[in-house]
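Structure first, then comments.
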Amino acid sequence: MINFEHTLLLGHRGARGEALENTLIGFEHAQRLKAHGLTGVEFDVQLSADGHLVVFHDDDLARMCGEQSRLDQLSVAEIQRHRQLDHQIATLASIAPVLNGFTYIELEIKTHGRTDYGKLIRALSQDLVDSPLANLPIVLTSFDVELHARLQRSKLLSHVPRGLLIRTPETLVIASNTALQLGCVQLGIHYPLLSQSVIERSHRYGLPVSAWTVNDIDTIKQLIKWQADVIITDYPRHLLLN
């Protein structure tokens, strides 16, 4: 049994190894694991053509729905006509009830070369300010330093905690300085880049470390020993109940 007493465990995209990713059924599956020690979930949002945030990882429908359409070219109504194994693609605004009770949530904001940042900031403000989601323990995460800079300047959203995501050795070298300059409160680091010294350095800067996405038990035990603050996994039930 793994001891998660001092490390938070999150289900990746809900719990993508155990239930369909980024869906209501996946978040409901994660809810059932709270009693066994699951802290919360990580999930993704994409911006639709008409300015709504949908809970989806990819910027097109090819992998999950067998369609080549890009989400930023479709309205939310058009997106929801497509099904993921008979499950409707959810909007961010609609999933607040299935996030209640989690004590920590990482919400990754997806961007790409076509992102309309003004529209994205307006959508985030609409869904995260004066709404049921506003009362949830959400940390906004992104690789996109331009988005972080805009969120830092936003009068409506600057109070929402944010985490800088890191996936390359080059960005890791300057990660702590970049995160602090952007007003981020944590680092989310691809786990193969992590070592005890990386985590210790991040902690010296006052930045907790979230490790993604880790499914190997021995690696998880090592990360806990190194005092990683958060571990994101595809298989939370397997880790907690086996």
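The values are calculated or read from the model by the stated rules, or taken from the named source; none is laboratory data. As the structure is a prediction and not an experimental result, all values here were calculated from the model. Note: ideal-geometry Cβ built from the backbone for every residue, glycine included; neighbour counts use all protein chains shown. What goes into the accessible areas is simple: the full protein's heavy atoms, side chains included, and nothing from ligands, DNA or RNA. Shrake-Rupley method; radii C 1.70, N 1.55, O 1.52, S 1.80 Å.
Ignoring everything except DSSP H segments at least 4 long, calculate the 222 nm mean residue ellipticity for the chain; use -39,500 (n - 2.57) per segment, divide by total residues, nearest 500.
The helix contribution divided over the chain gives -8000 deg cm²/dmol.
Which of the lysines could a cross-linker bridge to Lys221, judged by Cα under 26 Å and excluding same-chain residues fewer than eight apart?
Candidates past the 8-residue exclusion: Lys34.
Taking only the alpha-carbon atoms of the chain, what semi-axes of the equivalent ellipsoid follow from 5 times the gyration tensor eigenvalues under a square root, in whole Å, largest first?
After scaling each eigenvalue by five and taking roots: 27, 22, 16 Å.
Give me the accessible area of Ile224, 1.4 Å probe, in Å² rounded to the nearest 10.
40 Å²
Counting heavy atoms of the protein chains only and a 1.4 Å probe, report the per residue accessible area for segment 84-202 as a whole number of Å².
Accessible surface, normalised per residue, equals 46 Å².
Using heavy-atom solvent-accessible surface (probe 1.4 Å) with all chains present, what is the largest-first order of Val185, Val76?
I get Val185, Val76, largest accessible area first.
Report for the chain the percent antiparallel among DSSP-assigned beta bridges with both residues inside it, nearest 5.
20 percent
Quote the accessible area belonging to Ile25 in square angstrom, nearest 10, computed with a 1.4 Å probe and with ligands, DNA and RNA left uncounted.
Probe radius 1.4 Å; accessible area of Ile25 about 70 Å².
Which of rounded, prolate or oblate describes segment 92-192 when judged by the alpha-carbon gyration tensor and an a/c cut-off of 1.5?
Taking the square roots of the gyration eigenvalues as a ≥ b ≥ c, segment 92-192 is prolate.
Starting from the Kirkwood Rh over alpha-carbon pairs, what translational D in µm² s⁻¹ does segment 1-109 have by Stokes-Einstein at 10 °C and 1.306 mPa s?
111 µm²/s
Just to verify a number: FRET efficiency for Val173 and Gln88, C-beta to C-beta distance, R0 = 45 Å, to 0.05?
Result of the calculation: an efficiency of 0.60.
Looking only at segment 26-139, where both bridge partners belong to it, what percent of the DSSP beta bridges are antiparallel (to the nearest 5)?
Bridges in segment 26-139 are about 45 percent antiparallel.
Students sometimes get this wrong: rank Thr111, Thr39 by accessible area, probe 1.4 Å, all chains present, largest first.
Greatest to least solvent exposure: Thr111, Thr39.
Out of residues 5 or more away from Thr91 or on other chains, whose amide H comes under 5 Å of its own, with H placed 1.01 Å from N in the peptide plane?
Placed amide hydrogens put Val55 under 5 Å from Thr91.
Where does each of His159, His87, His12 land when they are ordered by accessible area, with a 1.4 Å probe and the largest first?
Most to least solvent-accessible, the answer reads His159, His87, His12.
Just to be sure I understand the curve: with the Debye formula and one point per C-alpha of segment 137-242, what is log10 I(q)/I(0) at q = 0.11, 0.25 Å⁻¹?
With no solvent term, the Cα-only Debye profile gives -0.35, -1.35.
Under unit Cβ charges (Lys, Arg +1; Asp, Glu -1), what dipole magnitude, rounded to 20 debye, does the chain have relative to its Cα centre?
Dipole size: approximately 440 debye.
What accessible area, in Å² to the nearest ten, does a 1.4 Å probe give for Leu239?
10 Å²
With a point put 7 Å past each Cα toward its Cβ, work out how far Val129 is from Leu241 in nm, to one decimal.
4.1 nm
Mind checking the full-extension length gain between Ser197 and Gln181? Use 0.36 nm per residue of separation minus the Cα-Cα distance, one decimal, nm.
Contour length minus the Cα-Cα distance gives 3.6 nm.
Counting only residues 5 or more places away or on other chains, whose amide H sits under 5 Å from the amide H of Lys110 once H atoms are built in the peptide plane?
Amide H neighbours of Lys110, under 5 Å, 5+ apart: Val45.
Return the carbon/sulfur percentage of the accessible area of segment 90-204, one whole number, probe 1.4 Å, all protein chains in place.
Using a 1.4 Å probe with all protein chains present, segment 90-204 comes out at 52 percent carbon and sulfur.
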